[in-house]
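The structure under discussion appears below in the form of structure tokens.
The values are calculated or read from the model by the stated rules, or taken from the named source; none is laboratory data. Values in this document were obtained by computation on a predicted structure and should not be read as measured data. Counting neighbours? That spans all protein chains shown, and the Cβs are built from the backbone with ideal geometry, glycine included.
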Amino acid sequence: MARASHASSPNKAGRSLGALMAMSKARTVLALPSMNSPRSISARWIFQNSTRTWRPASPCPIQWMLLRPCRKGFETMAIRSLIAISIFASAALPVAAEPNGDTQVYCDRDLGYHFYCDPDKAVSDPVEEVPVESEVVVAPSASERLETERAIFDEAKAAMVLDPTPANVERYMRLQKRWVDNAAYMTAQWKRVVWSNPDLDESVDWPTSQLGRQAERDIERAAETASIEAIKDRYGIFYFGAGTCDFCAVYEQILGGFADRYGLTILPVSVDGRPLAGFEGYQVDTGQRARMGLADVTPAVALYDAETGEVIPVGYGLLTISELEYRIRALTTMAPGEEYGVEAHDLD
């Protein structure tokens, strides 16, 4: 019973080696390491050929592991056992064919002991390079820059007003000077552009100097006189005043002198039925002003075209002789914009 119990323990590790161990005529020692201490031997077993069983043996030092006999007399038999094990292991391995003309070729070479091929390298699909668009930095427009400058200026102004410290006042003054200097530079450039481009220089046709203005005024007065002389037989002047109107009394004297200078006919109308100080003969308004389309304002002056029956409002309120001359000329002899040298198509 004791032999059976000892023989059952090593069968898992050494039964497969029993047939090989039987080839030897001596006892062979198998060293099994302990699970608790890898550097010590907890049990030793000896295979007995006569009984074909395993029995326990006395412990051996650590250097006698791996099928090393405990006694000196068994060293030769252990070596024989190891040789038999290696022969058995070699027989179990696949035998490589000798290279010859009929031998299958692997990996562009004859099949030999090292016939394993390197795994094919995975050929990945070519990656299409996507062009990376660089970010386009858009510079701010002139209007955006101007708005930014205005915001900075307004902020500095507000800070100065709410907290007038020396630093805030100085900052605002420097920003203001910057704007003034920029305006002065712009004015200088403006003048140079005007001087080199006569079509942009309004002073060519409309002088701004004192001598030029006097000469221009003389030319205009002569033209006004000529135009009024040309239309005095065709046009008459309707005057609407009131006896209770303070401005009307003064205006009536101006109209009388104007009519005498050019020989014009004036038809005075009293809108309130009272006498007009500047005119002995007058008519009372019986709806004439409304039929002419004039506003209910006094004094008022309108031209009446005897040929066409058209009524042309000249103006309301107190006007001077020079203003009457200019307006009558512009309304009767000039197209809109002609007095400034421009026409409607110039604006398209």
Flagged in the range 306-333 as over 22 Å from Gly241 (Cα atoms), surrounded by 12 or more Cβ atoms within 10 Å (Cβ to Cβ) and free of Cβ contacts under 8 Å to residues at least 24 places away in the same chain, in numbering order, are Ala330
Pro336 passes all but one of the listed conditions (1) surrounded by fewer than 16 Cβ atoms within 10 Å (Cβ to Cβ); (2) more than 30 Å from Asp205 (Cβ to Cβ); the exception is number (2)
Within the range 288-342, residues assigned to a strand (DSSP E or B) and among the β-branched types (Val, Ile, Thr) come out as Val301, Val311, Ile312, Val314
(1) within 36 Å of the chain's Cα centre (by Cα); (2) exposed (fewer than 11 other Cβ atoms within 10 Å of the Cβ) all hold for Thr208 apart from (1)
Log entry, pairs with first residue in the range 227-252 being farther than 17 Å from Val311 by Cα, second being aromatic (Phe, Trp, Tyr) and not in a helix (DSSP H, G or I), beta carbons closer than 7 Å, six or more apart or on different chains, reads Glu252/Phe279
In the range 263-275, anything under 30 Å from Arg221 (Cα atoms), at pLDDT 90 or above and not β-branched (Val, Ile, Thr) is listed as Leu267, Pro268
Residues in the range 172-190: is at least one at pLDDT 90 or above, within 40 Å of the chain's Cα centre (by Cα) and in a loop (DSSP other than H, G, I, E, B)?
-> no
Residues of the range 169-188 being closer than 18 Å to Glu155 by Cα and of a type in the set (Phe, Trp, Tyr), in sequence order, are Tyr172, Trp179
Apart from one, (1) under 30 Å from Glu170 (Cα atoms); (2) modelled with pLDDT under 55 all hold for Arg145; the odd one out is (2)
Picking from Ser227, Ser196, the residue that is of a type outside the set (A, V, I, L, M, F, W, C) and more than 27 Å from Leu318 (Cα to Cα) would be Ser196
Scanning the range 134-148 residue by residue, those of a type in the set (Gly, Ala, Ser) and not in a loop (DSSP other than H, G, I, E, B) turn out to be Ala142, Ser143
Per the list (1) surrounded by fewer than 13 Cβ atoms within 10 Å (Cβ to Cβ); (2) among the hydrophobic types (A, V, I, L, M, F, W, C); (3) out of contact with any helix residue (DSSP H, G or I) (no Cβ under 8 Å at 6 or more places or on another chain), residue check on Phe247 breaks on (1)
When (1) of a type outside the set (S, T, N, Q); (2) part of a helix (DSSP H, G or I); (3) loosely packed, with under 14 Cβ neighbours inside 10 Å; (4) modelled with pLDDT of 90 or more are applied to Ala230, the one that fails is (4)
If you go through Arg221, Arg213, the only one that is outside the structural domain of Ile321 (by TED's automatic domain parsing), within 26 Å of Arg329 (Cβ to Cβ) and more than 60 Å from the chain's Cα centre (by Cα) is Arg221
